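> Quick one: structure below, then a few questions.
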Amino acid sequence: MSSIPIEHGLVLSAILFAIGLIGVLTRRNIVFVLMSLEIMLNASGLAFIVAASRWGHAEGQVMFLMILTLAAAEVAVGLGLIIQMFRQFKTIDINVLSEMKG
Amino acid sequence: MIVLFYIAAVVAVIATIAVILQTNIVHALLYMVVSLLAIAVIFYVLGAPFAAVLEAIVYAGAIMVLFLFVIMMLNLGQHTRNEEKSWLTPRGWIGPSILSGILLAQLLSVMADLDQDIIPKQVGVMEVSALLFGPYVLAVELASILLLAGLVAAYHLAKPK
Amino acid sequence: MQEFIWLLPSFPLAGFLILVLTSGTLSRITVAVIGAGSIGLSFLVASIIAVQFLGSGDDYYIKEVWAWMSVGGFSPGFSFYLDGLSLVMMLIITGVGFLIHLYATGYMADDPSYSRFFSYMNLFIAAMLMLVLGDNLVLLYLGWEGVGLCSYLLIGFWYTKPENGYAARKAFVVTRVGDTSMAIGLFLLFAQLGTLNIQDMLHVAEVEWNIGSGLAIATTMLLLGGAVGKSAQLPLQTWLPDAMAGPTPISALIHAATMVTAGVYLIARTHVLFQLAPSVQLLVAWIGLITLLMAGFTALTQSDIKRILAFSTVSQIGYMFLGLGVGAWSAAIFHLMTHAFFKALLFLASGTVILSMHHEQSIFKMGGLRKALPVSFASFLIGSLALTAFPYTSGYFSKDEILLAALELDGPGIFLWAGGVLGAFFTGIYTFRLFFVVFFGETSGHPPEKEVGGWHMNGPLIVLMVLSIFGGFISIPVDAVFGHGESHEEHHVSALVHGFMVAVPLLGILVSYLCFHKKVFSIEKLMSYSISRRLHKFWHSGWGMDWLYDRVFVFPFLWLSRINHADLVDRFYGLIVEVSKSANKMVVKSQTGYLRWYAFIMALGLVALLLLGIIL
Amino acid sequence: MILVYLISILFVGGLVAWLSERVDPNYPRIVALATVLIDLVVMISLLGVDPSSGGWVASVNADWIPRFGISFYFAADGLSLLLILLTGFLGVIAVGSAWDDIHEKTGFFYFNLLWTLAGVIGVFTALDLFLFFFFWEVMLIPMYFIIAIWGHENKNYAAMKFFIFTQVTGMLMLVSIIMLGYLHFLQMGMFSFNYHDLMKVEASGTIEYLMMLGFFVAFTTKLPSVPFHSWLPDAHSQAPTAGSVILAGILLKTGAYGLIRFAVPLFPESSLDFSPIAMGLAAFSILYCAKVAFAQTDIKRLIAYTSVSHMGFVTLGVYAWNELALQGAVMTMLAHGLSAAALFMLAGGLQHRIHTRNMQHMGGFWGKVPKMAVVAIFFSVAALGMPGLGNFIGEFLALLGAFQSNILFTVIAAFGLILASVYSLWVIQQVFQGEYKADKFEDSHLLDLNRREMIYFGAMMIGLIWMGMYPQSFLNLSEPVLIELLNNTQAVTAAVVRN
């Protein structure tokens, strides 16, 4: 049997997504948060690839490429922000950044 | 090949869990690289070699190195582990885990009745490129502008006063 | 000359405009010449027109000056209608008006706002002429409101005293209540009859309405509302006594001779409608009677010289209403004319007294003035006699005709007559109470050194004295106007009744003489009983009408204004603002500032959405 | 094209005025005055143009967004002309009243002033409903700035309230307009926002009623009428004098114009059903606001409430929907435009002199400022409906016509005449009569009207007397329009009754 049930691929991406979400919600270190975000992004990219490979399409890879670009840009900006934050607050605790509240 | 998929999947899940549980940030980063490489393997198995290569080069190579640079710049390492440990209380895991569990359950229930199989078929660089520079050329251009904007923003933000 | 009838209001109007536009830069003498002269010119023109009109033998004359507006069948014009009734009115207005203007040039001589005074006076005359000469009810309404405005301005002429402004507002607002009723009457008339031209309207009404029909009753009730407001009859009489706050010539001109009789004119003008609604006509009579009696009692208790005369005016207009109510149209107009003569005389004379006494108005602070103020004394004597209907003075003829007409009316006529005679008795008492207290008896306070006067003040008094005595012999040419509405047989009453009617006022004078001159009966002793004190207080306040109206209308209105100062409707919109603010406050609490919290909420939202998708 | 010129002169003039401030802060007012005067001349020249078929003069029709049937369709008839002339006249007056009043950001002020006027003229001439809505918004935003920048102590609150009220209700109208266009699409196969096309649209009872309500609420908010009036007292009391003049004199009339031109003719049947409610609302509005006016101590708030009260006569007249009543409504609009503007200018003049609007701090000004007292009495008396002046003609005709369609509410509304005298005279007494009090302000600041002010007030007085003594010259202009509207709606309603 040379076929994989599509559910298995999607389930994997769902699991990775959920793990990434846990990371985002739990960690206070902003670098970890950013990494968890990357996990989530990656999981969604995986879902695209899985879905596209069901039909043998190339569009899934195009979408993945887009996500990749997005992730790269996001990481660049995010890390720049982290550096700036560390300069200002001398910490990478995300809870410190809670001044913008109603 | 199919066995490879399941092995890579298990590796990816374990490595990812390890990422979020780690207190040592450099270790976490290494687990992350492992996870990404595992996913690259999965891509390959699913017939997306171009994506697999990019995953390895851009994600595992470039982005993770970027993280590493930042960690080095901020001089995070062993001495922040204690701080990290004190932030990670067991109670803090409960809420997110329950929420994510529900989300996962929902996603699984949505996928439950998909009864279709993937027969992996190689979709090479050529097809992808034909699409990229055909119908999606505008998206590519926009993506390049996004990257440019990201570059400028990152430079601007990280610039010392 | 008749086609120049438009000149009549134009002269005073021109005078008004000149005086307003120059706004006090003219010398006093110029102001006097313009102010009084314009009325004099009007009187001259009026006289010539009158002679020509009477000579021509026509029943009426119409002159359209310009079409005011023309909208969907509603086309009142600026057109003047001259007939016997408006002729009499215009002569009274310009004639008596001129005399009063002349008097005022002296009376107001020391006032800083000389020019302003005459500009108002001229505007008043112009408006009053519009009122009586207008051939449609809209033009009449224009004059009607115009005189009200002038009355307001003149009552509040001395504006620095807040109570004058209050009195002026009261006068305007109370009459405005009547005016509104009249305006609604006009709407109804137009809706039903399709025209507001008085003569056309009366003809159509006569043809289309039955006697006693509901529409006739409704319209006449509404018009009556206007009339009682302007003429200070029950239930809207309360403004007139307060209106005495204005300068005395105003009281003579507006609040005795002309404006307050506009209601009488209105009813006489539309008498055809009132004949179609006999019940309302009878109501007019009863209103007149009750008002004249109430005002008589009140006049007895007043001590301010002008207020006594004001209540006496209310009472005399009550007689006119009584006359209108019993169908003695021409008698009512006749009484209007004689009343204009003798009441103007009394007011002007009281003006001289007041001015000589340095603006003292309480009769009990005067006394024994007959030597010091001979002209006033003579004027008051003649005026009072005419007012009490002393035989062969002008008031005697007119009042006699009204009372006899009342006696001849079937049904309630005898009561109306008896009431009227009783009123005449009181007239005798209160008039001569004033007369005896002011001119006889002890001199109290500081007697004046000399009487204020001069030809321009005494001249009008003398002319009015003559008119008050002999005015009864003037015959007014109103037969053609009321011709078809009035029975014209001679009054057949026994000599006994007639003698009785003559004797009653004389009896009143006698009582007054005994009480207030000879002091046979002591008023002080009477006043020592609490019941009489209370009664005195009650009558003094004008039967508590002001008290009542304050409580029924004024206070609730003020109360409503006070509680709703901030506009309840706005409160509703404020409520919306409050609700959204507090909702905002609640939402703000979720804005913790923790990034992870936001992410958590987002995930929660995702879960909820997915749940929704699964369920549906 | 002349109508387009009318509007564009103002738009361009506004821009020039704004730019000219860089040269000299005194230039904007001169530019503005010149602009409105030129505009006024152009308007007067419109009177000489012979109307084409249907009574429309100077109509312009060009495509704007043809896909949705939206076009630049301007045209004027007698009714529009009257209101345009009022706009031009009061525009001159408003520039005059701002002459010495505005010292900060003069360029931007006159820019806003002229753009508001341009928006108003657009509203009065647009015959494409989308275009109409466009101008409806155009006049709103500059007005917002006028209040928010040059207003008094509580200007932000007032400006925001003004904006929200008109904006929210304007949205309701937009929904109705789009609904109408869509119904046209469904019935005729294409979109159109042309006034004449939309007249032919048929709608079922409920839908028509709802669309009518959308228009009604938008217009009665602008008018305003209870219960949508409460923005007006705040806006007026905070706005600078020129803003009040435009607001009271012209902007409120756009609401009334909208009722006559759009709300009733587009939805004749549901308007007929609705008329008792509208007339009742009008009568209530007259009495309620007259009473609230009496309770005010702030003179501008008081005048604002009297405005609402007087506008009740317009609503009453419009929903009576017969010739007399409509003519009355139009005359009331014109006369109230002048009298209310003048009263606001007087109040503004007082505030400018003694820096208070509280009447309890005033009293006995007659002796001190006699000219002002005479002018105040003239306009108060005009406002309370003195015959011989324009307001009387309007209110009398409105009531006379309304009486034929609804006796009860007309009688109730007539009581407004009494209350009008109560509050008008109360103002006179508080400000001008009584003892002279100068303890709350600098005595020497209380100067009588200067020559410039006298010219403006004199012009407005002449206008009111003209309207009062020979209203025919105004009535003739609006008569054919109103008769046409009446015939159109009567044809529709008669057809309904037959079926």
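> Residue by residue, what Karplus-based ³J(HN,Hα) values in Hz, rounded to whole numbers, does the range C:354-361 have, using 6.51, -1.76 and 1.60 with θ = phi - 60° and x for Gly and Pro?
With coefficients 6.51, -1.76 and 1.60, one gets 4, 5, 5, 8, 6, 6, 9, 10 Hz.
> Using the number of other C-beta atoms within 10 angstrom as an exposure proxy, rank C:572, D:134 with the fewest first.
Listing C:572, D:134 from fewest to most nearby Cβ atoms yields C:572, D:134.
> Restricting attention to chain A, which trypsin sites (Lys or Arg not before Pro) occupy a DSSP loop and are surrounded by at most 14 other Cβ atoms within 10 Å?
Answer by residue number: A:90, A:101.
> Another one. Provide, in order from the shortest bin, the percent of all Cα-Cα pairs of the range D:277-499 in each 10 Å bin, continuing until the bin that contains the maximum pair distance.
All Cα pairs, binned at 10 Å, distribute as 9, 32, 31, 17, 8, 3, 1, 0 percent.
> Counting other Cβ atoms within 10 Å of each Cβ, which chymotrypsin sites (Phe, Trp or Tyr not before Pro) in chain A have at most 11 and sit in a DSSP loop?
none
> Follow-up question, since we're still on this one. Round to the nearest 10 and give me the degree value, 0 to 90, for the angle of helix D:323-354's Cα axis relative to the longest principal axis of chain D.
It is inclined by approximately 30 degrees.
> Given the Cα atoms of chain D, and with Rh set as the inverse mean 1/r over their pairs in the Kirkwood sense, what is Rg to Rh to two decimals?
With Rg and the Kirkwood Rh in hand, the quotient comes to 0.96.
> Is the range A:8-92 rounded, prolate or oblate when judged by the Cα gyration tensor, a ≥ b ≥ c being the square roots of its eigenvalues, rounded requiring a/c under 1.5 and prolate requiring a/b larger than b/c?
Verdict is oblate for the range A:8-92.
> Please arrange C:150, D:289 by counting, for each residue, the other beta carbons lying within 10 Å of its beta carbon, fewest first.
Neighbour counts put them in this order, fewest first: C:150, D:289.
> Taking just the alpha carbons, could you work out the radius of gyration and Dmax for the range D:56-120, both in angstroms?
16.1, 49
> Looking at the square roots a ≥ b ≥ c of the eigenvalues of the Cα gyration tensor of the range D:1-266, which shape do they give, rounded for a/c under 1.5, prolate if a/b is larger than b/c, or oblate?
The shape class here is oblate.
> What number results when the radius of gyration of the range C:39-174, computed over Cα atoms, is divided by 2.2 N^0.38 Å?
Here the Cα radius of gyration is 1.20 times the empirical estimate.
> Moving on to the next point. Just the C-alpha atoms of chain B: what Rg/Rh do they give, with Rh taken as the Kirkwood radius?
1.03
> What ³J(HN,Hα) values, in whole Hz, does the Karplus curve 6.51 cos²θ - 1.76 cosθ + 1.60 give for the range C:286-296 when θ = phi - 60°, with x put for Gly and Pro?
Karplus values, whole Hz, x for Gly and Pro: 5, 4, x, 5, 4, 4, 5, 6, 4, 5, x.
> Take chain B, connect every pair of alpha-carbon atoms lying under 10 Å apart with a spring to form a Gaussian network, then pick out the residue of B:145, B:39, B:14 with the largest mean-square fluctuation.
Looking only at B:145, B:39, B:14, the largest GNM fluctuation is found for B:145.
> Identify which of B:36, B:74, B:146 has the largest mean-square fluctuation in a Gaussian network model of chain B, with springs joining Cα atoms closer than 10 Å.
Looking only at B:36, B:74, B:146, the biggest GNM fluctuation is shown by B:146.
> Roughly what % of Cα-Cα distances in the protein assembly as shown sit above 54 Å, to the whole percent?
Result for the distance tail: 44 percent.
> Within the set C:63/C:170; C:306/C:525; C:170/C:519; C:170/C:518, which residue pairs have Cα atoms separated by over 31 Å?
From C:63/C:170; C:306/C:525; C:170/C:519; C:170/C:518, over 31 Å: C:63/C:170; C:170/C:519; C:170/C:518.
> From largest to smallest, what semi-axes in whole angstrom does chain C give when each is the square root of 5 times an eigenvalue of its alpha carbon gyration tensor?
Square roots of five times the eigenvalues give 52, 32, 28 Å.
> Counting C-alpha atoms alone, how compact is the range C:575-615: give Rg to one decimal and Dmax as a whole number, in angstrom.
14.2, 40
> Helix-derived [θ] at 222 nm for chain D: sum -39500 (n - 2.57) over DSSP H runs of at least 4, divide by residue count, nearest 500?
The helix-only estimate for chain D comes to -24500 deg cm²/dmol at 222 nm.
> What whole-number value in cubic angstrom gives the convex hull volume per residue for the C-alpha atoms of the range C:525-616?
Convex hull volume per residue, Cα atoms: 204 Å³.
> Which distance in Å, rounded to a whole number, links the C-alpha centroids of the range D:445-463 and the range D:239-318?
When both Cα centres are located, 27 Å separates them.
> May I ask you to work out the translational diffusion coefficient for the range D:298-405 at 4 °C, viscosity 1.567 mPa s, via Stokes-Einstein with Rh from the Kirkwood sum over Cα pairs, reported in whole µm²/s?
89
> When the Cα centres of the range C:251-328 and the range D:78-108 are compared, how far apart do they sit, in Å?
So the separation of the two Cα centres works out to 52 Å.
> Sum up the charges of everything whose Cβ sits under 13 Å from the Cβ of residue C:305, counting Lys and Arg as +1 and Asp and Glu as -1, but leave residue C:305 out.
For residues surrounding residue C:305, the net value is +2.
> Continuing with the same structure: Which of D:37, B:73, D:169 sits farthest toward the positive end of the charge dipole of the protein assembly as shown, with +1 on the Cβ of Lys and Arg and -1 on the Cβ of Asp and Glu?
Going by the charge dipole, the pick is B:73.
> Show that you can apply the helix-only estimate: for chain A, add -39,500 (n - 2.57) for every DSSP H stretch of four or more residues, divide by all residues, and state [θ] at 222 nm to the nearest 500.
Result for chain A, helices only: -27000 deg cm²/dmol.
> Using helices alone, I'd like the mean residue ellipticity at 222 nm for chain C: each DSSP H run of four-plus residues gives -39500 (n - 2.57), total over residue count, nearest 500.
-23000 deg cm²/dmol
> Where is the GNM fluctuation largest for chain A (alpha-carbon springs, 10 angstrom cutoff): A:30, A:15, A:39?
A:15
> Hey, what did chain B get for relative contact order, percent, Cα under 8 Å, at least 6 apart?
Relative CO of chain B lands at 21 percent.
> Would you please give the residues with an amide H less than 5 Å from that of residue D:58, counting only those at least 5 places away or on a separate chain, with H modeled from the backbone geometry?
The list, which skips near neighbours in sequence, is D:52.
> Quick one: Debye curve from the alpha-carbon atoms of the range D:448-499 only, equal weights, vacuum; give me log10 I(q)/I(0) at q = 0.29 Å⁻¹ to two decimals.
Here log10 of I(q) over I(0) equals -0.98.
> For the range D:25-112, calculate the relative contact order in percent as a whole number, restricting contacts to Cα pairs under 8 Å that are 6 or more residues apart.
Normalised by residue count, the contact order of the range D:25-112 is 38 percent.
> Something else now. Please rank D:426, D:321, fewest neighbouring Cβ atoms within 10 Å first, as an exposure proxy.
D:426, D:321
> Here is a further query. Could you pull out every residue, at least 5 positions away or on a different chain, whose amide H is within less than 5 Å of the one on residue D:72? Hs are placed 1.01 Å off N in the peptide plane, and Pro or chain starts have none.
D:62, D:63, D:64
> Would you please give the residues with an amide H less than 5 Å from that of residue B:118, counting only those at least 5 places away or on a separate chain, with H modeled from the backbone geometry?
A:4, A:6
> Right, here's the next one. Suppose a student asked you for the relative contact order of chain C, using Cα pairs under 8 Å spaced at least 6 residues apart; what percent would you report?
Relative contact order comes out at 12 percent.
> While we're on this one: If we count every other residue with Cβ under 13 angstrom of residue D:324's Cβ, Lys/Arg +1 and Asp/Glu -1, where does the sum land?
-3
> Choose one of D:383, D:211, D:348: the residue whose Cα lies farthest towards the positive end of the charge dipole of chain D (beta-carbon charges +1 Lys, Arg; -1 Asp, Glu; about the Cα centre).
Going by the charge dipole, the pick is D:348.
> Would you mind counting up the charge near residue D:385? Only other residues with Cβ under 14 Å from its Cβ, with Lys and Arg at +1 and Asp and Glu at -1.
-2
No value in this document is a laboratory result; all are computed from the given coordinates. Small disclaimer: the values here were computed from a predicted structure and weren't measured. Because the Cβ atoms are built from the backbone with ideal geometry, glycine has one as well, and the counts that use them run over all protein chains shown.
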